[in-house]
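Q: Sending over a structure as structure tokens; questions will come in a sec.
The values are calculated or read from the model by the stated rules, or taken from the named source; none is laboratory data. Note that the structure is a prediction, hence the values are computed from the model and not measured. Reconstructed Cβ throughout: ideal geometry from the backbone, glycine too, with neighbour counts over all protein chains shown. Side chains are part of the model used for accessible areas, which takes the heavy atoms of the whole protein and leaves out ligands, DNA and RNA. Shrake-Rupley method; radii C 1.70, N 1.55, O 1.52, S 1.80 Å.
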Amino acid sequence: MEVDQGAPGQAGGEVILVGGGPGDPGLLTVAGLAALRRADVIITDRLAPLASIAEARPGTEVIDVGKVPGGRSTRQESINALLIEHARAGRVAVRLKGGDNFVFGRGGEEWEACSEAGIPVTIVPGVSSATAVPGLAGIPVTHRELVQGFTVVTGHVPPDHPGSTLDWAGLARSGTTLVIMMGVATLPAIAAELIKHGMPADLPAATIADGGLPSMAVVRGPLERIGELTERAGIRPPAITVIGAVAGLSFG
């Protein structure tokens with residue numbers, strides 16, 4: 001779908017990019033809830049807190065553009081075009097996403113497309129799954145006595161893939177907690193690569209699936225086995241893996 005860059009939007013049209021948090025509607029921010037209550041149209045993702053849409057006004061249009069791994073998928077260009085189209089028609093268009101829209105959420109691309117089209121955009125940051133999901137499992141990503149930082153990366157492609165731009169050797173030596181998002185399928189390859197570059201094979205690791213939902217599941221084990229254990233437990237996306245000494249803690 002091509003985006004028309006022509007006529008300006010009608011008065012009142014705008015886009016609000018809302019990060020919905022990791023899935024539990026209770027973790028949606030007050031500002032995010034207020035945006036949903038103002039919306040004329042809500043363009044939502046599969047991993048957004050869908051129960052919160054019940055807070056919208058009667059008659060609010062809801063459009064599902066969620067991407068299903070290995071299944072249906074809406075092109076990002078089409079999503080951008082939808083936002084622009086509704087805002088130009090004078091509507092308040094809310095883009096509801098899971099986690100934080102600027103942490104692997106493509107919110108930056110949506111903001112850029114709307115801005116270039118002259119559409120007013122408001123950003124409502126969300127509670128990032130990168131920190132919230134480990135926390136919900138009782139794992140702090142930092143701990144004063146154990147680690148002084150954390151690094152968040154995507155594992156959607158394995159380390160040897162031509163599309164991977166990460167310095168896995170540097171990550172293995174970083175001394176920070178490593179949080180891997182979108183890395184269920186590639187976890188065995190990632191673990192092997194980190195160990196190859198000196199990360200201890202017995203370093204604690206944990207994979208958390210469906211963070212913030214009643215179906216949340218946690219798998220723990222050493223780095224060298226976390227891929228195998230995650231697969232054996234039948235873990236499917238969405239899931240996050242935490243690697244580092246903090247993964248051996250549990251305050252749950």
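Q: Can you send over the carbon and sulfur percentage of the accessible area for the chain, probe radius 1.4 Å, protein chains only? Each step should come with its number before you reach the end.
A: Working: 6510 of 11870 Å².
Carbon-and-sulfur percentage of accessible area, whole number: 55.
Q: May I pose another question? With an 8 Å Cα cut-off and a minimum separation of 6 or more residues, compute the relative contact order for the chain in percent. If you can, show how the numbers build up before the last one.
A: Details: 559 pairs, mean separation 50.7, N = 252.
20 percent.
Q: Also: Once you list every other residue whose beta carbon is under 13 Å from the beta carbon of Asp45, what net charge do they have if Lys and Arg are +1 and Asp and Glu are -1? Could you put the intermediate results ahead of the total?
A: Numbers: positive: Arg46, Lys67, Arg72, Arg95, Lys97, Arg106; negative: Asp64, Asp100, Glu110.
Spelling it out: positives minus negatives among the neighbours equals +3.
Q: Using the heavy atoms of the protein chains alone and a 1.4 angstrom probe, what is the accessible area of the chain per residue in square angstrom?
A: Working: 11870 Å² over 252 residues.
Roughly 47 Å² per residue, with all protein chains present.
Q: Any chance you could give the angle, 0 to 90 degrees and rounded to 10, that helix 76-88 forms with the longest Cα principal axis of the chain?
A: With rounding to tens, the tilt is 30 degrees.
Q: Once both axes come from the Cα atoms, what is the angle between helix 187-196 and the longest principal axis of the chain, in degrees from 0 to 90, rounded to 10?
A: Helix 187-196 and the main axis of the chain meet at about 50 degrees.
Q: Please return the longest range in the chain lying between exposed loop sites, taking GluC sites (Glu not before Pro), DSSP loop only, at most 16 other beta-carbon atoms within 10 Å, and leaving the sites out. Intermediate results must be reported in sequence, preceding the final value.
A: Values: sites that count: Glu2, Glu145.
Formally, the longest exposed-site-free interval is 3-144.
Q: Let me have the 222 nm mean residue ellipticity of the chain computed from DSSP H runs of 4+ only, each contributing -39500 (n - 2.57), with the sum over all residues rounded to the nearest 500.
A: Values: 7 runs with 66 residues, N = 252.
Helices in the chain give a 222 nm mean residue ellipticity of -7500 deg cm²/dmol.
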